[in-house]
Each structure stands twice: as C-alpha cells, then as structure tokens.
Amino acid sequence: MRFKKWAAVGAAVAILAAGLGSTTTNASSDSATLRLWLNASDTPDSVREYLIAEFNELHPDAELVIEEQQWTGLVERLTTALSSSDSPDVVEMGNTQAQAFEAAGALLDLTEYTEQFGGDDLLQSLLEAGTYDGRLFGVPYYAGARIVIYRPDLFEAAGVAVPTTIEEMIAASATLIEANADVPNFSGFYLPGRNWHAALSFIWDAGGDIAVQEDGEWVGTLSSPESVAGLATFLEVVEVGNRAPVDTDDANDYLAFCAGEVAMMPAPGWKPGQVLDAEGGGCPDMEANMAFFAMPGSEAGTTAPVLLGGSNVAVSANSQNPELAVDLITIMASEEYQAQMAAANLIPARISQLEAVTGSPAAVAQAEAAANSRFVPTSEFWAGVEAANILPDMLVAIAQGGDIQAEAERADAAIEELLNG
C-alpha cells in the first residue's frame, strides 16, 4: 500500500483502543455467516470464487460473505468496524496500516497458527508488518515490490548491459549520461534526494538498518558503519548518474521518463501503469521502450533488499467466529490459494510461489525482488517518523554536501525520540 493518511491513523487508532472490548472467546458455529473485507478489486473475481468454493467445502453449513471496501477512507472504516459488536470477522489492511491496529488490540493474536499459515515460507517483510511485540496478528496476503524500470533502446545504443551489481549499475548510469549528453537533465539512474524508499536498498544491502530494538528500546542505526557505507553508495548514485533535483521526491518521475530524460529509475510495482496512463500525463507509446529488472545487490547474482508494499489479513478481536476466521485465513495463506494469486500476476505471500509469477515482465521482476525484501521498524509510532520527514531530510542534506555521519546521527536521535514515545 502507498504511504499516506498517517495523520488519520494515529487519531483513529486512539479512538479504537478506547472503544475495544475484550477479545471474544465464543465458540464458532458451523452455521454462522463469516464476513470478509477485501479491498478494491485487488483480489480478482476468479480468486474470490476459488476462496468461496474452498471455504464451502470445508464448512458446508457456513456462509462466507465478501464485502468489498475501498482503500480511500479504509483506516476510518476499520476503526469504526473493529470496535463494533458487529465487526467483520476477517479484514484486509495495508502492511503500513497493520502495526497501529495491532498495537491498539483490535486484532486477534494468531501466533499459535504461524506454521499452519506457512511459517518460514511467508515473505519476511510482510511477516514483520503483521508482527507486534513478538506476536503474529496480520498474516501476509500479497505484495508489491520495488523494481528498476529501464530503457532497453538506450541501453543498446550505449552498449550497456543490464547490470548485475550495484557497482555495474553506477558505471552504466555514467555511460548512459555520456551517451545522451545532448538531452537536457538526462539521468542514467533517476534518483531525487527525497526518494527514501529507494535509498533504503543501499543501506540494507550494506548491512545497515533504520533502527533496532535493544532492551525494549528503539535505537537508531543510520549512523552505524554499515548504514553509513550504504548512504555513501546512495550519494555516489546521486552524484554519478542522477540529474534529478536532489530536493524533490519521485512523485513525478514518470513525467521525466516520458520526456526521454531517464534511462533507469527505481519504482514501485504500480509505476509502469502510471507511465502508460495517458489520462494521467503518461506515455502509452513508450511501452515498447520500457523493461524491468530487480535492483542488483553488491555481489553478482544477488538482489538488493527492497521495501515491500502489500496487504495483511487479520481476524477482528471482536469476531464472533474466530475458529472459522482462522480456517479462512489458512485457505488464503495456503500454497494452492497463493498460486491463484500468482496466476493473477499478483506477488504471492509465499516465497515458494514467487517463481509461479509468469505474467507481465514487470510482475516477474517484482517477484524476483520480493524474495529479498525488508520492512520499516515494526512500531506503532513509525507513522510519526514518516510524518516528520526524517529520512528524506537526511538524504537531501547529504546530497547537498552535508557530512554523512553527522546527518545520520541527527536522524538517529530524531527517530529514537519518536519511536520510543
């Protein structure tokens, strides 16, 4: 899920926490009606039909009702619904939304079923999003990974191959800039300074991180030697292959791509659709000159860790049918169901099913990238870090000549203050 509306999350979850009753212990009835909230049309009709059929086979006397919700306003609707005695039983939520509801006590603890849901076969970053205080509340559902969009025609003209390491990617960006010197503002690798989602890949690849927990407290680690090395790589990419303004983000990168000013750019899985959307200012005629690869790592044959978006499914703490709800999620997390998701060109939540994604080239690249994915610190206070723009401000300061160690230490202090309440 795209990061937005976090101001609403904090206020909404505070209200939710105040209104929650105790977790239901009612025994489920096979004759019950089970309500499932799925968001937008992300889960295709064919997969929904499969889910209903599988659930009906397992519980022929129960009824599964799927109620479609929209992403817009979802936090507010979840806040109201999950605190109600008429709560839906199972809900889908974006992975960046899950932590706040988990911390509020709005969801059922599903830890004892972890192996039943897939255990180590579940995508790690979505598993992290669904885990709070060491307990599992949100089960990975499907994902979208960041990839690199590139211009194969420009690569061919410049004699550049698809890079297999970060070092090769940086070198290729320099060659591409030289080969397109007559194009104003041309970037071999388009990376505006505020694009912290992409910068995380360099930090993680170097062994660094944003923050870790020590003795129950969050400790910022952007100033660690590993993170500083990753930030140095980020700076090298910005200085060598990038001509995007360092004080902007990636919101309008598709316009630069359509203007012929970009050879490579890191992007979320939905970005190709934005590039090709004529009504939104995109360029459908560029489709033939657009290809994809997973961000390479520092060693050949590896991919760099990427920030993974996606969804988790959870059981309401006020569900009147918790046993049926667990059975439903068991189906949704199963290899068979996740294979259906892969067949629909979605990134499945099971690692073993990633190779089954054989649809569009972008989806295939996402599946490869998703196998090595990470997540932000699993704290209900992470929203405050995003709202304060700590990471993008640090990156801009570094890109404008600030000392990496000093800027990282400043960011660590601000992150620790927010994450530790």
Discussion item. Can you tell me which of 215, 133, 86 moves the most in a GNM of the chain? Springs connect C-alpha atoms under 10 Å apart.
Written reply: 215
Worksheet item: Are there any helices in the chain, counted as whole DSSP H runs, that stretch 15 Å or more along their axis by Cα and score at least -1.0 on average by Kyte-Doolittle, and if so which?
Response: 6-19, 45-58, 166-179, 225-241, 322-333, 404-419
Worksheet entry | Prolate/oblate/rounded call for the stretch 305-384, Cα gyration tensor, a/c under 1.5 rounded | oblate
Worksheet item: Under a GNM of the chain (C-alpha, springs under 10 Å), which listed residue has the highest mean-square fluctuation: 302, 358, 72?
Response: 72
Worksheet entry | Which label in [x] 22.5; [y] 19.7; [z] 45.5 gives the computed mean projected area of the Cα convex hull in nm² | [y]
Item to complete: Name the shape class, rounded, prolate or oblate, that the alpha-carbon gyration tensor gives for the stretch 377-421, where a ≥ b ≥ c are the square roots of its eigenvalues, rounded holds for a/c under 1.5, and otherwise prolate holds if a/b is larger than b/c and oblate otherwise.
Response: prolate
Practice prompt. Could you work out the relative contact order of the stretch 346-408, using alpha carbon pairs under 8 angstrom and six or more residues apart, expressed as a whole percent?
Written response: 19 percent
Practice prompt. Treat the stretch 97-183 as a sphere of radius equal to its Kirkwood radius over Cα pairs and apply Stokes-Einstein at 10 °C in a medium of 1.306 mPa s; give the translational diffusion coefficient in µm²/s, rounded to a whole number.
Written response: 96 µm²/s
Fill in: the stretch 144-273: C-alpha gyration tensor shape, a/c 1.5 cut-off, then a/b vs b/c
prolate
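List the relative contact order of the chain as a percent without decimals, with contacts defined as Cα pairs under 8 Å and 6+ residues apart.
Relative CO of the chain lands at 25 percent.
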Response to the item:
With +1 on the Cβ of every Lys and Arg and -1 on the Cβ of every Asp and Glu, the dipole magnitude of the stretch 361-421 about its Cα centre, in debye rounded to the nearest 20, is 240 debye
Discussion item. Run the helix sum for the chain: -39,500 (n - 2.57) per DSSP H stretch of 4+ residues, divided by residue count, reported at 222 nm to the nearest 500 deg cm²/dmol.
Written reply: -12500 deg cm²/dmol
Item to complete: Take the chain, connect every pair of alpha-carbon atoms lying under 10 Å apart with a spring to form a Gaussian network, then pick out the residue of 386, 287, 102 with the largest mean-square fluctuation.
Response: 287
Worksheet item: When N counts the residues of the stretch 179-241, how does its alpha-carbon radius of gyration compare numerically with 2.2 N^0.38 Å, as a ratio?
Response: 1.41
Discussion item. If you take every residue apart from residue 284 with its C-beta less than 15 Å away from the C-beta of residue 284, what net charge results, scoring Lys and Arg +1 and Asp and Glu -1?
Written reply: -3
Worksheet item: Taking +1 at the Cβ of each Lys and Arg and -1 at the Cβ of each Asp and Glu, which of 356, 343, 306 sits farthest along the dipole of the stretch 274-358 towards its positive end, judged by Cα position relative to the Cα centre?
Response: 306
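Quick note: the coordinates plus some simple rules give every number you see, no bench work behind them. Note that the coordinates shown come from a computational prediction; the quantities given were computed from them, not determined experimentally. Counting neighbours? That spans all protein chains shown, and the Cβs are built from the backbone with ideal geometry, glycine included.
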